[in-house]
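The values are calculated or read from the model by the stated rules, or taken from the named source; none is laboratory data. Values in this document were obtained by computation on a predicted structure and should not be read as measured data. Glycine gets a Cβ as well: all are built from the backbone with ideal geometry, and neighbour counts include every protein chain shown. We work out accessible area using only protein heavy atoms, side chains counted, and drop any ligands, DNA or RNA first. Shrake-Rupley method; radii C 1.70, N 1.55, O 1.52, S 1.80 Å.
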Amino acid sequence: MRSVLLPCLVRCLASSWAGTIGTEVQTATKARPGLAAWLAGCLLLVAAYAAATEDGISAATDHGVVGYIEIDDVIDRFSDRYLARAIEQAQAEGVDTLLVRIDTDGGAVHYARSMFKRILDLEADGIRTVAFIDFRAISAGALIAYAHEEVYLSETASIGDIGVVFQSPEGEIKYAPEKFETVVRTLLTQAAEQRGWNRGMLLKMTAHKQSLYRVTPPDGPAEYVIEDDLPEFLAAHPEVDRDDPTQVIVYRGPDRLLTLTGLEAVTFGMATGNVADLDAMHERLGVTADDVVDLSPRGIERAAWALSRFAPILAGLAVLFLLFELKTPGVGLWVALAALLGTGFLLAQYSLDLIENIELLLIVIGIGLIALEIYTTVGGGLLATLGGAAGFTGLVLAFLPNETTFDFDDPVFVDALTDAAFGGATAVGIVVVGTLLAMRFLPRSTALRRHLAMTDEVTATSAGTIEARSGELLGRRGKAAEALHPGGTVRLGAESIRARAEHGAYVPAGAAVEVVSVEFGEVVVRSVADGSEETDRG
């Protein structure tokens with residue numbers, strides 16, 4: 001409208017000025033009766049132009065409350081959970097325009113699809129969505145970007161290459177089967193239909209087997225058509241001669257995915273505009289950085305993302321150190337380490353909506369049953385078995401996304417379950433290996449044990465010395481210097497020796513015991529009904 005009003009205004013003012021210059025207004029008005037009408041029209045045009053200019057400025061800068069989201073890492077569950085949280089906060093704070101800075105090389109299709117839908121659905125909530133790419137939006141990042149109503153890129157940024165690939169068991173990168181690529185093509189078609197992006201160019205970003213054609217009708221602008229759509233397009237435009245290279249050419253052939261620079265994207269209508277940086281983007285939206293509602297990842301979220309990558313190790317070490325505490329009661333160090341690592345594990349899994357009360361309950365029950373078996377041996381190994389099963393089930397569920405449904409025909413669920421089982425197995429493996437190593441090497445470290453265990457001084461406890469004296473020690477009787485549950489110290493005559501109750505039994509302090517074997521640098525004892533203590537045979 002402004003382009004029409006401005007020339008009219010200039011012509012109007014020029015005509016009016018030409019009719020009055022060099023004469024008095026009154027004379028000119030009398031000489032030209034239409035001058036008053038001209039002046040009135042010019043005033044109306046000025047008013048209209050001012051209104052149009054004001055409306056134009058308002059339309060360009062009035063984006064209401066602007067919120068800022070940052071997606072700058074691999075597209076995965078962490079990104080999806082963060083986006084869900086940020087959108088929920090934006091809605092609660094009355095954000096009108098959501099500015100999303102994207103800088104990623106892509107990630108998992110499943111989570112990219114979820115994030116794509118979250119952005120697309122914001123239109124129904126009346127929230128305007130604007131994507132800004134200052135470096136790259138590749139693969140899943142490009143898919144998410146084109147879910148926005150507007151896309152801005154720096155001139156040197158790049159966008160595209162939405163190839164769906166997977167890694168074979170042998171480590172080879174291959175294109176995914178058609179079943180997976182169809183999902184991405186459908187999403188891109190949806191973006192073209194709802195956001196107005198060119199369908200052909202969007203599809204060529206993922207359709208590696210098809211060509212992209214540039215079709216130039218004799219009396220129209222060039223259009224870009226994907227191979228699947230070409231027959232329908234030619235049928236709708238009979239004036240186009242397919243055999244004429246000036247009208248139909250292959251713009252991108254098979255096995256070449258489309259990727260655009262910032263300048264190319266604007267030229268081809270695949271971006272709204274070019275902006276240099278985030279400050280320029282704020283200026284384009286008519287706001288300053290201080291005006292923007294910051295919805296970027298919180299510190300605790302970033303900490304949880306970092307910890308989650310080591311979640312199986314955290315869980316395994318937490319359980320292992322807790323078992324160490326049960327083995328060497330009263331120390332405090334092991335339980336403190338177990339609490340620290342367990343807190344890190346729970347923080348990561350809770351923040352990612354992976355663990356709920358049922359998973360935590362199963363893990364606690366599992367540890368409790370194992371501890372009960374160690375202290376009492378009333379189950380004859382059954383309690384430990386049940387505890388191990390419950391704990392492992394809880395660990396696996398703690399790595400399994402809560403939104404997944406148990407459908408073994410769904411490849412997404414199968415992949416998630418496989419990853420969860422691997423995480424649980426890793427944690428259990430750490431516990432088993434750590435326990436075996438502790439049994440093998442820890443008893444040999446007299447100095448370490450003195451620092452870690454609050455017991456009487458233990459002498460002659462190196463594995464080599466104890467095992468060399470096995471013939472001497474077998475059958476000897478003494479007293480438990482402390483309660484054995486099942487580990488502790490016994491007195492055989494004048495010396496104190498590290499001991500373990502047979503079959504994990506509990507032996508109260510002062511009870512009479514008898515050495516039945518020597519294993520892993522410590523003696524194995526059992527309670528004896530006779531309270532007499534055998535004299536030292538050494």
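With a cut-off of 8 Å between alpha carbons and a minimum separation of six or more residues, what is the relative contact order of the range 260-348 in percent?
Result for the range 260-348 is 24 percent.
Only sites in a loop by DSSP and with at most 14 other Cβ atoms within 10 Å count here; which GluC sites (Glu not before Pro) in the range 146-205 make the cut?
Glu155, Glu170, Glu172
Just need the Rg to Rh number for the range 139-264, please, alpha carbons only, Kirkwood Rh.
Here the Rg-to-Rh quotient is 1.00.
Could you give the length gained by full extension between Ala124 and Ala92, i.e. 0.36 nm per residue of separation minus their alpha carbon distance, to one decimal place?
So the chain would gain 10.0 nm between Ala124 and Ala92.
Leu257 label point, 7 Å along Cα→Cβ, cut-off 14 Å on backbone N: hits in the range 198-221?
Under 14 Å, as judged by backbone N against the label point of Leu257, lie 202-210 of the range 198-221.
Using the Kirkwood radius over C-alpha pairs as Rh, can you work out the diffusion coefficient of the range 158-205 via Stokes-Einstein at 20 °C, viscosity 1.002 mPa s, in µm² per second?
This corresponds to a translational diffusion coefficient of 182 µm²/s.
Which FRET efficiency value, to the nearest 0.05, is calculated for Leu360 and Val516 with the Förster distance at 45 angstrom and r the Cβ-Cβ distance?
Once rounded, the FRET efficiency stands at 0.70.
Tally Lys/Arg at +1 and Asp/Glu at -1 over every other residue whose Cβ is under 15 Å from the Cβ of Val396; what's the total?
Around Val396, the surrounding residues sum to -4.
Please give the contour-minus-distance gain from Ala280 to Val528: 0.36 nm per residue of separation, less the Cα-Cα distance, rounded to one decimal in nm.
Value of the extension gain: 80.8 nm.
Need one number: nm distance between label points at Ser470 and Glu239, each 7 Å from Cα along Cα→Cβ, rounded to one decimal.
Computed distance between label sites Ser470 and Glu239 equals 9.9 nm.
On the protein heavy atoms, probe 1.4 angstrom, tell me the percent of accessible surface of the range 96-148 carried by carbon and sulfur.
47 percent
Between Asn402 and Leu386, what is the spin-label point distance in nm, taking each point 7 Å from the Cα along the Cα→C-beta axis?
2.8 nm
How large is ³J(HN,Hα), in whole Hz, for each residue of the range 338-352 in order, when computed from phi with the Karplus curve 6.51 cos²θ - 1.76 cosθ + 1.60 and θ = phi - 60°, using x for Gly and Pro?
Result, ordered by residue: 4, 5, 5, 5, x, 5, x, 5, 5, 4, 5, 6, 5, 5, 9 Hz.
So how much slack lies between Ile249 and Ala176, counting 0.36 nm per residue of separation and subtracting their Cα-Cα distance, in nm?
Full extension of this stretch gives 23.5 nm more.
First measure r as the distance between the Cβ atoms of Glu223 and Ala494, then evaluate 1/(1 + (r/R0)^6) with R0 = 60 Å and state the FRET efficiency to the nearest 0.05.
0.05
What is the Cα centroid distance between the range 288-306 and the range 171-243, reported in whole angstrom?
If we compute the Cα centre of each part, the gap is 38 Å.
Please compute the volume of the convex hull spanned by the alpha-carbon atoms of the range 259-402 and report it per residue in Å³.
With only Cα atoms used, the range 259-402 gives 169 Å³ per residue.
What is the spin-label model distance, in nm, from Glu155 to Leu333 if the labels are put 7 Å beyond Cα along the C-beta direction?
Going by the 7 Å Cα→Cβ label model, 6.2 nm.
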